[in-house]
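The values are calculated or read from the model by the stated rules, or taken from the named source; none is laboratory data. A quick note: this is a predicted structure, and the numbers were derived from the prediction, not measured. Every residue, glycine as well, gets a Cβ built from its backbone with ideal geometry; the counts of neighbours run over all protein chains shown. Side chains are part of the model used for accessible areas, which takes the heavy atoms of the whole protein and leaves out ligands, DNA and RNA. Shrake-Rupley method; radii C 1.70, N 1.55, O 1.52, S 1.80 Å.
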Amino acid sequence: MALVQRIPISSSSVRNWQQARTNLSPICCLHYNTASSSSPFTEKHSVERYQRDQWLYKAVEPTPPSTPSPLPFEDEVFVRENDIASQLPELKKLLAVLREKRVKGCKGGDCGPGDVYLVGTGPGDPELLTLKAVRVIQSADLLLYDRLVSNDVLELVAPDARLLYVGKTAGYHSRTQEEIHELLLSFAEAGATVVRLKGGDPLVFGRGGEEMDFLQQQGIRVQVIPGITAASGIAAELGIPLTHRGVATSVRFLTGHSRKGGTDPLFVAENAADPDTTLVVYMGLGTLPSLAQKLMDHGLPCDTPAVAVERGTTPLQRTVFAELKDFATEIQSAGLVSPTLIIIGKVVELSPLWPHCTKESSCLVETR
């Protein structure tokens, strides 16, 4: 059975939890009131951001009176599908301006290409950005950003810079990876400072390695500015040590889905079913029921503690704690959606939020 408490997550909540845990009344999952706050995750440009960048949807024709108004979701899909057409003219103009500026500035000298920065923005909380990331974001000419980059982070962008959404969701890619490569290359060759913003860390399931390899082969200088990956940021928020003496001697990051045509990610279950290893699963909601069953089939105890965290470190964080045997069912009942991070292992019960308050679990930190 999954037991969690209805509380707002903040940096001080974990510290205060220990004092109040003896008075808890269990509920099924951790929920937040989302009616008064908008999602911190961006799946498309907001109208306000387009106005700031002067990239308005001027070509969109009004809906004829005889046609019913589209539902909000349908309208959002329409906007996203027209994203490329709306932005390409402005991108071409900007590219032309940068090239002209570079030619004028290079008279009598040899001007090399601009730099590309792959910047990790962390799991969602803008205060987890590094100082170097903030400096680079504020100095960029063009920024390409993913779905999990929060609006708070985008507000750090300089007023005269340009933003381009290149995020991916299941079933919808605003741009292919190859198109992203070409955009980075084209603007870098024009002498621009280009920043590629990625949620979490660029080199942890962020495809940063692919972009770095492509650009370096074209002679473009690439600098990686690491971000706090979701595993570290979310585990810290919940008070879960990913490794702990006598409890977990290693940690393993797994992807919950494979590239099209790639190896089934569930093949790792046989080797991953180690009770002394902490498993962190990225993008694993869809395959979790199969993965959990395979882990148990290969010897991972069915009462292994686990937690799933939706939109971790943000005001909309929702968390489900459960033992492995009940985990998939409890997540489904709670209705968690992407992005959700999953942590499986004995270290989960070291969290002061772990609801199965037994004498054995509460003494783990003191005795091991």
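One table, with the values for the structure above:
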| read-out | value |
| --- | --- |
| Residue ID - nearest to the chain's Cα centre (by Cα), chosen from residues in segment 138-172 that are within 16 Å of Gly208 (Cβ to Cβ) and open to solvent by less than 10 Å² (accessible area, probe 1.4 Å) | Val149 |
| Tally, over segment 300-356, of residues that are among the aromatic types (Phe, Trp, Tyr) and in a helix (DSSP H, G or I) | 1 |
| Qualifying residue in segment 127-137 (condition: farther than 28 Å from His257 by Cα, outside any helix (DSSP H, G or I) and touching a Phe, Trp or Tyr at 6+ places or on another chain (Cβ under 8 Å)) | no |
| Which listed residue, of Glu270, Glu330, is of a type in the set (D, E, K, R) and open to solvent by 50 Å² or more (accessible area, probe 1.4 Å) | Glu270 |
| Hits in segment 273-283 (condition: open to solvent by 10 Å² or more (accessible area, probe 1.4 Å) and either part of a strand (DSSP E or B) or polar (S, T, N, Q) (or both)) | Thr277, Tyr282 |
| The listed residue being at pLDDT 90 or above, under 18 Å from the mean Cα position of the chain (by Cα), of a type in the set (A, V, I, L, M) and over 26 Å from Leu144 (Cα atoms), out of Val195, Val280, Val204, Val224 | Val280 |
| Complete set of residues in segment 218-241 that are open to solvent by 30 Å² or more (accessible area, probe 1.4 Å) and touching a strand residue (DSSP E or B) at 6+ places or on another chain (Cβ under 6 Å) | Gln223, Val224, Pro226, Ile228 |
| Conditions (1) part of a strand (DSSP E or B); (2) of a type outside the set (A, V, I, L, M); (3) surrounded by fewer than 24 Cβ atoms within 10 Å (Cβ to Cβ); number of the one not met by Gly286 | (1) |
| Any hit, segment 207-217, residues being within 15 Å of Gly114 (Cβ to Cβ) and surrounded by fewer than 17 Cβ atoms within 10 Å (Cβ to Cβ) | yes |
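One line per residue, one yes/no per condition, for (1) modelled with pLDDT of 95 or more; (2) open to solvent by 10 Å² or more (accessible area, probe 1.4 Å):
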site	(1), (2)
Ala308	yes, no
Leu324	yes, no
Ala334	yes, yes
Val337	no, yes
Ile342	yes, no
